[in-house]
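Notes follow the structure.
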Amino acid sequence: MTEPRGKHSRAPSRVLRRSFFGVLGAVLAAAIIVGVVASYNAIRGPRTQVASQSAAGTPAGPSQGQLKEASAAPVATPSATASESAVPVMPAAGHTDPFGTAATGYLATRTGTVLAAVYDVKTGQTWRLGEGGPQAEASVVKLDVLETLLAQRARSTGLSASDRSLAQQMIEDSDNAAATDLWYEVGDGTGIRSFNTRAGLTQTSPSSCVVCAGFSWPGWGLSTTNPGDQLTLLKQLIRPSSLLSDADRDYALSLMENVTADQRWGVSGGVPAGVTVALKNGWLPLKGTNGDWQINSVGWISGGGRDYLMAVLTTGNPAEQYGIDTIDQLAAMVWQRMK
């Protein structure tokens, strides 16, 4: 606004009247402008800082180390200064439950117990399906072994050539002998438990034995967990972590993206080619080969307008393929509803 011009010396009465009305008009104009600005600010609301927008926006990908968990509900951010004009940053649009009634209806027709969880990387929303306590991990525990190994070596010399060879066999081929070697190398269940505490896992219990009485498979597969803890473990890989470096996270994901062809089932069910899928599956006959199969799948799916983590644990399956089919179908439903 421009101030009214005029001399400060005494003027004739006519000039004074004209100056008076000029000043009055300017004051009224200023009041109108102030009122309009105040109404605009009230409608638009307080402005969030630019840093908040870039942190909560859609991340470019895990290799760039830019992922950050967003809140599922809008959170008011204080304005930078009281005098700044309002330019709001809107929260990402949320999804409806990706499981929905179709998933619950489908699982009602299946034998066994299914526990599942999905985390939307873009919005920070989490959904859970099924009720029950922790289940046996089977070979998905190998992801926990890998992350523990990476976290331990990050503080010293990094992975040796032998470590890398064993890690590749353990994740890409799900090799049990390699997993057993690394299980001992990280300090068995004690080392795993220490890492899990720092990572925030609260419902995961590493097995106390590798050779377990009455069980013919490696005992680390009897470690127990739930889908929520598996999401927590996966989050260490797709966003900056105090436990794992960017290089370590990229390395782990590269192994999970290159599992052998016959193990590309589970959370990848229904996902089209060209979409990034990093996963680890597990299968274990808990009571011989004739029943009670533990079939699990955990992983990250990114592409086609979607970016989410998914973990599924199933027990009481009458056969291995039965459990695989259950997870494949459930994953396909989630993929369709996450668009």
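Can you name the residue in the stretch 133-159 that is modelled with pLDDT of 95 or more and assigned to a loop (DSSP other than H, G, I, E, B) and is also surrounded by the fewest Cβ atoms within 10 Å (Cβ to Cβ) among such residues?
GLY133
Could you tell me which residue of the stretch 228-262 is farthest from GLU137 (Cα to Cα), considering only residues that are out of contact with any Phe, Trp or Tyr (no Cβ under 6 Å at 6 or more places or on another chain) and β-branched (Val, Ile, Thr)?
The selected residue is THR260.
Would you check if ALA167 is surrounded by fewer than 16 Cβ atoms within 10 Å (Cβ to Cβ), aliphatic (A, V, I, L, M) and at negative phi?
On the way: surrounded by fewer than 16 Cβ atoms within 10 Å (Cβ to Cβ): no; aliphatic (A, V, I, L, M): yes; at negative phi: yes.
So ALA167 fails the test.
Please work out if VAL271 is at negative phi, open to solvent by less than 10 Å² (accessible area, probe 1.4 Å) and either small (Gly, Ala, Ser) or part of a loop (DSSP other than H, G, I, E, B) (or both).
Values: at negative phi: yes; open to solvent by less than 10 Å² (accessible area, probe 1.4 Å): no; either small (Gly, Ala, Ser) or part of a loop (DSSP other than H, G, I, E, B) (or both): yes.
Considered against the rule, which asks whether it is at negative phi, open to solvent by less than 10 Å² (accessible area, probe 1.4 Å) and either small (Gly, Ala, Ser) or part of a loop (DSSP other than H, G, I, E, B) (or both), VAL271 comes out as no.
Just checking, which of VAL312, VAL334, VAL298 is touching a residue at least 40 places away in the same chain (Cβ under 8 Å), surrounded by 24 or more Cβ atoms within 10 Å (Cβ to Cβ) and assigned to a helix (DSSP H, G or I)? Spell out how you get there, then give the answer.
Details: VAL312 fails: assigned to a helix (DSSP H, G or I); VAL298 fails: assigned to a helix (DSSP H, G or I).
Result: VAL334 is the single residue among VAL312, VAL334, VAL298 that is touching a residue at least 40 places away in the same chain (Cβ under 8 Å), surrounded by 24 or more Cβ atoms within 10 Å (Cβ to Cβ) and assigned to a helix (DSSP H, G or I).
Let's see how each residue does on (1) among the aliphatic types (A, V, I, L, M); (2) crowded, with 23+ Cβ neighbours inside 10 Å; (3) at pLDDT below 95:
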{"site": "THR190", "(1), (2), (3)": "no, no, no"}
{"site": "ARG193", "(1), (2), (3)": "no, no, no"}
{"site": "THR197", "(1), (2), (3)": "no, no, no"}
{"site": "GLY214", "(1), (2), (3)": "no, no, yes"}
{"site": "LYS235", "(1), (2), (3)": "no, no, no"}
{"site": "ARG264", "(1), (2), (3)": "no, no, no"}
{"site": "THR276", "(1), (2), (3)": "no, no, no"}
{"site": "LYS280", "(1), (2), (3)": "no, yes, no"}
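Taking THR232 as meeting all but one of (1) under 27 Å from GLY303 (Cβ atoms); (2) among the hydroxyl-bearing types (Ser, Thr, Tyr); (3) part of a helix (DSSP H, G or I); (4) in contact with a helix residue (DSSP H, G or I) (Cβ under 6 Å, 6 or more places away or on another chain), write down the number of the exception.
It is condition (4) that THR232 fails.
Among the candidates ARG337, ARG239, ARG249, ARG264, single out the residue that is touching an Asp or Glu at 6+ places or on another chain (Cβ under 7 Å) and basic (Lys, Arg). Quick ask: steps written out before the conclusion?
On the way: ARG337 fails: touching an Asp or Glu at 6+ places or on another chain (Cβ under 7 Å); ARG249 fails: touching an Asp or Glu at 6+ places or on another chain (Cβ under 7 Å); ARG264 fails: touching an Asp or Glu at 6+ places or on another chain (Cβ under 7 Å).
None of the others qualify; the one that does is ARG239.
Look at SER207 and say whether it is open to solvent by less than 20 Å² (accessible area, probe 1.4 Å), over 21 Å from GLU257 (Cβ atoms) and touching a Phe, Trp or Tyr at 6+ places or on another chain (Cβ under 8 Å).
Numbers: open to solvent by less than 20 Å² (accessible area, probe 1.4 Å): yes; over 21 Å from GLU257 (Cβ atoms): yes; touching a Phe, Trp or Tyr at 6+ places or on another chain (Cβ under 8 Å): yes.
Yes.
Taking the options LEU201, LEU244, name whichever one is of a type in the set (A, V, I, L, M, F, W, C), assigned to a loop (DSSP other than H, G, I, E, B) and open to solvent by 10 Å² or more (accessible area, probe 1.4 Å). Break it down stepwise before answering.
Values: LEU244 fails: open to solvent by 10 Å² or more (accessible area, probe 1.4 Å).
Answer to the selection: LEU201.
I'm trying to understand the selection: among the residues of the stretch 111-132, which are among the basic types (Lys, Arg) and either closer than 11 Å to THR315 by Cβ or outside any loop (DSSP other than H, G, I, E, B) (or both)?
Of the stretch 111-132, the ones among the basic types (Lys, Arg) are 122, 128.
If the condition is that a residue be among the basic types (Lys, Arg) and either closer than 11 Å to THR315 by Cβ or outside any loop (DSSP other than H, G, I, E, B) (or both), then ARG128 is the only one that fits.
The values are calculated or read from the model by the stated rules, or taken from the named source; none is laboratory data. Bear in mind the structure is a predicted one, so any value in this text is a computation, not a measurement. Positions of Cβ are generated from backbone atoms using ideal geometry, with glycine treated the same way; all protein chains shown enter the neighbour counts. Each accessible area value is taken on the protein alone, full model and side chains, heavy atoms only, with ligands, DNA and RNA left out. Shrake-Rupley method; radii C 1.70, N 1.55, O 1.52, S 1.80 Å.
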